[in-house]
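Taking it in order: structure first as structure tokens, then the write-up.
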Amino acid sequence: MFETKERFKKDFMMRLEQREERESLHAAYSVLSEMVKEWINDDWQANKRVQREEAHKQLYYFSIEFLTGRILGQNLMNLSVHSLVSDGLEEMGFSLAEIEEQELEPGLGNGGLGRLAACFMDSLASLGLPGHGYGIRYKGGLFTQVIKDGYQGETPTHWIDEKEDWGMRQEELAKNIPFYGNVHLEVQDNRLKPVLRNAVWVKAVPYDMPVVGAGGKTVNTLRLWQAESASYPLPEGMEQDFYQQAVSEISDRLYPDDSQQAGKVLRLRQQYFLCSSSLQTILQERDYPLSELPKHVAIQINDTHPALAIPELMRLLMDEQGMVWEEAWEITTHTISYTNHTILQEAMERWDSALLEALLPRIYMIIQEIDRRFREKVLEQDLDEAARKKLSIIEGGAVHMATLAVVGSYKVNGVARLHTDILKMREMKELNDYFPHKFHNITNGIAHRRWLVKANPELTGLISSAIGDEWIREPIKLHGLNPFAGDPSFLQDLQSVKLLKKRQLAEWIRKQHGAVIDPESVFDAHIKRVHGYKRQLMNILHIQLLFNHLHSDRNFRPHPRTFIFGGKAAPSYHFAKQVLKLINAMADKVNNDPLAKNHLRILFIEDYSVSKAERIFPASDVSEQISTASKEASGTGNMKFMMNGAVTIGTYDGANVEIVEQVGEDNAFIFGLSAKQVMQFEKEKNYFTNDTLAHDPELQLLMSQLLNGELSGGEGNVSYIKKQLVDENDPFFVLKDLQPYRKAHERLLSVYEEPSAWLGISAVNIAQSGIFSSDRTIQQYSDHVWNLEELTNHYT
Ligand code: 73E
């Protein structure tokens, strides 16, 4: 039905006419997605067959988040029919863009970690590798952010429209998951066996979504589990209503914290629910001896959230399959590998032992045994007490999930070189000393097909007109663009494309938010979760410095800038919520100030999401990557900006280090404390806010403006901000890095005033961004961790 445009038009119209509400855009969406699903289905079934018959090794990516964004457009693109469909629809009076907007956006992730999982799914299928996702089908995705009077409010997000769902319910593949109960040792088949009695059972029903790779040949599966009532008897004394409520809670909503461990039992239930259902499936579907599992299956756990996969695989191998400990351990530790995404202490998962034991008694027993055996081994080495403590899985009444994850995996990776170095040399030094060959780095990447080809077709066209289109398949070939960084006519075209994308964004903002922004101004964007270490506060304080400067110096009349912010704060993170309010209050003040508004404009984009990101990255000139050095493990927005020709202002943190290594220091604006300096201050505890303020009257003025409400036009409470900056001595070094940040902005703006220099930098950034495609990342995982083979029917 997509072979030719005419065929498509005919088929589409025929189906549309059978719909009741055929006039509506929604009906058009429904028809088009139905056609795409049908089109994919044959290949999907064929792929499943080939993968089985050829006994390819399969990768399973376990993740508590998959932030896919909208799916229809992505599929049309990877099936190579996006323009055919778009043209065909236009001829019939429809706009594909409007139809795509009908899709409710699945917000099944908080930020970078979830989006990374989605990029990986795209790259796996596009490289023709057999890799599938296992996650949870949360009824409510991440909350919808509603800004009222400048404050963040949260409302539930319901993204599932059962009729239009891309996930196909697979009732017959449901699994049952046990919680609570007591473990009894019973004699079965002449041996003692642990048996769980009086457990509460929950049914896990899979919904399978096809993941189409570029070229359309490889179709993998993203399987999301939904919790439902199991048809098992309830434990004595448990009411049916209570049970049903508890069950539906499991896949009811995504936890909205991305860098704070909530420690809630519901989160633990979600984690076990995901691990158990996925592992049961993997073991049941196999047609080879269990001892060969590591030859046929690789399991990657996305941070520690699915780390219960380790004891759960042990449980299934021993209790259900009758294996002895040693063999089960050998298999587990050759099947599972672990990616660490953060070293923030508050995000490190530590589960209270009593809570874990009550919820998952058998799993807790197994963790105790893993811990006991590992302690025994550690005792053989000559280590001091402190080092031994760092090597304990159960310690201080809690289970340390990162330690469990390292001990139970065959490979552990960090997500950018600096982050991995910090892991190996500091955070996990003792573990790295003990397992010197486990740790390695694989720097993150992004799906260039979504973030450049799809989000920015105009730039894609320009690049291809300069160097051909092979780079789309092999993004490293973007290098071919380097010589064009000195080609005036190319640079002029680059400028036109950027201006066009800025106009498109401005127009969309006018329609959606009623705000007016000037496409001739510099678009400077800071879009990510709101967090202390990401330093939205430093950005806003810098704008106040500019505001003060404008008012005190009549010769200071800089090029107009639009500061774009977008991002959500965790609902219980008071500091971040005050920062968010401060941004909005500053926006009111600055945008209405007769003098300032000609030079500065602040725009807060409400309810930041993947689809909004797709509009902002292509339209941005400046990429704000200003985290406190050492805190941002990698960052991936930094790569999306770079690929779209935005220039980085940032610290040497996360993947920024490697971005600057690619483009050279002249093609980025770097400032501030290094990771080493930050860690030194943290170790010595010898940084004091007052040392920074003492000789700087500008900062003193700024602080008094912040504290007396002048900065925010008298709006909002800044108690948490004050507490952090003053009482806690500014742990994220906002004030310490502020003047260096200001100078970096000054350097940046002076280059911006010279279009050929600026555009040259932009071109180099695009040319050097190919290495940050997640195709490269996935190839590294495949070569160094998973050992996958390309499917033979993959399109080349
Ligand atoms: O630096 C980012 C990184 O680019 C990091 O903060 C983020 O992962 C990205 C992808 O590697 C991340 N998210 C979480 N931890 N690290 C997290 C923690 C708890 C819940 C949800 C997400």
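For the reader, a short list of remarks on this structure follows.
- Residue match in the range 48-59 (condition: modelled with pLDDT under 95, surrounded by fewer than 20 Cβ atoms within 10 Å (Cβ to Cβ) and small (Gly, Ala, Ser)): yes
- The strands (runs of 3 or more DSSP E) found wholly in the range 510-614 and carrying at least 1 residues that are out of contact with any Pro (no Cβ under 9 Å at 6 or more places or on another chain), among the basic types (Lys, Arg) and assigned by TED's automatic domain parsing to the domain that holds SER627 occupy 561-566.
- Members of the range 89-127 that are out of contact with any strand residue (DSSP E or B) (no Cβ under 8 Å at 6 or more places or on another chain), surrounded by fewer than 24 Cβ atoms within 10 Å (Cβ to Cβ) and of a type in the set (S, T, N, Q): SER95, GLN102
- If the condition is being in contact with a His (Cβ under 7 Å, 6 or more places away or on another chain) and either modelled with pLDDT under 95 or within 16 Å of the ligand (Cβ to nearest atom) (or both), then the range 64-87 contributes only ILE64.
- If the condition is being away from the ligand (no atom under 16 Å from the Cβ) and either under 26 Å from ARG350 (Cα atoms) or buried (at least 21 other Cβ atoms within 10 Å of the Cβ) (or both), then the range 231-258 contributes ALA246, VAL247, SER248, GLU249, ILE250, SER251, ASP252.
- Test: residue in the range 615-623 that is among the basic types (Lys, Arg), touching a helix residue (DSSP H, G or I) at 6+ places or on another chain (Cβ under 7 Å) and within 11 Å of the ligand (Cβ to nearest atom): no
- Looking across the range 660-686 at every residue that is assigned to a helix (DSSP H, G or I) and under 22 Å from GLU754 (Cβ atoms), the one that is nearest to the ligand (Cβ to nearest atom) is identified as VAL660.
- Comparison of LEU67, LEU16, LEU32 shows that the only residue that is not charged (D, E, K, R) and not in a helix (DSSP H, G or I) is LEU67.
- Condition met for VAL187 (of a type in the set (A, V, I, L, M, F, W, C), out of contact with any Pro (no Cβ under 6 Å at 6 or more places or on another chain), in a strand (DSSP E or B) and free of Cβ contacts under 8 Å to residues at least 60 places away in the same chain): yes
- The listed residues are GLY114, GLY109, GLY141, GLY133, and the only one of them that is at negative phi, part of a loop (DSSP other than H, G, I, E, B), within 16 Å of the ligand (Cβ to nearest atom) and of a type in the set (Gly, Ala, Ser) turns out to be GLY109.
- Filter result (within 14 Å of the ligand (Cβ to nearest atom) and either among the aromatic types (Phe, Trp, Tyr) or farther than 21 Å from ALA398 by Cα (or both)) within the range 259-294: LEU274
- Listed by first and then second residue, the pairs with beta-carbon distance under 8 Å, at least 6 apart or on different chains, first residue in the range 191-219 and on the phi > 0 side of the Ramachandran plot, second surrounded by fewer than 22 Cβ atoms within 10 Å (Cβ to Cβ) and assigned to a strand (DSSP E or B), are ASN198/ASN182.
- Residue check for ASN591: under 26 Å from PHE617 (Cβ atoms) and either buried (at least 22 other Cβ atoms within 10 Å of the Cβ) or out of contact with any Gly (no Cβ under 7 Å at 6 or more places or on another chain) (or both): yes
- Within the range 325-360, considering residues that are over 32 Å from the mean Cα position of the chain (by Cα) and surrounded by 14 or more Cβ atoms within 10 Å (Cβ to Cβ), the one nearest to the ligand (Cβ to nearest atom): ALA328
- Verdict on THR281 being crowded, with 17+ Cβ neighbours inside 10 Å, on the phi < 0 side of the Ramachandran plot, under 23 Å from the mean Cα position of the chain (by Cα) and assigned by TED's automatic domain parsing to the domain that holds ASP208: no
- Some residue of the range 420-437 being in contact (Cβ under 8 Å) with a residue 12 or more places away in the chain, over 30 Å from GLU357 (Cα atoms), touching a helix residue (DSSP H, G or I) at 6+ places or on another chain (Cβ under 8 Å) and part of a loop (DSSP other than H, G, I, E, B): no
- Unmet criterion (only one of (1) small (Gly, Ala, Ser); (2) more than 15 Å from ILE527 (Cβ to Cβ); (3) in contact with a Leu (Cβ under 7 Å, 6 or more places away or on another chain)) for ALA619: (2)
- Looking only at the range 19-29, and only at residues there that are assigned to a helix (DSSP H, G or I) and surrounded by fewer than 18 Cβ atoms within 10 Å (Cβ to Cβ), the one that is farthest from the chain's Cα centre (by Cα): LEU25
The values are calculated or read from the model by the stated rules, or taken from the named source; none is laboratory data. Just so it is clear, the structure is predicted and the values come from calculations on it, not from any experiment. Glycine also receives a Cβ, built like all others from the backbone with ideal geometry; neighbour counts cover every protein chain displayed.
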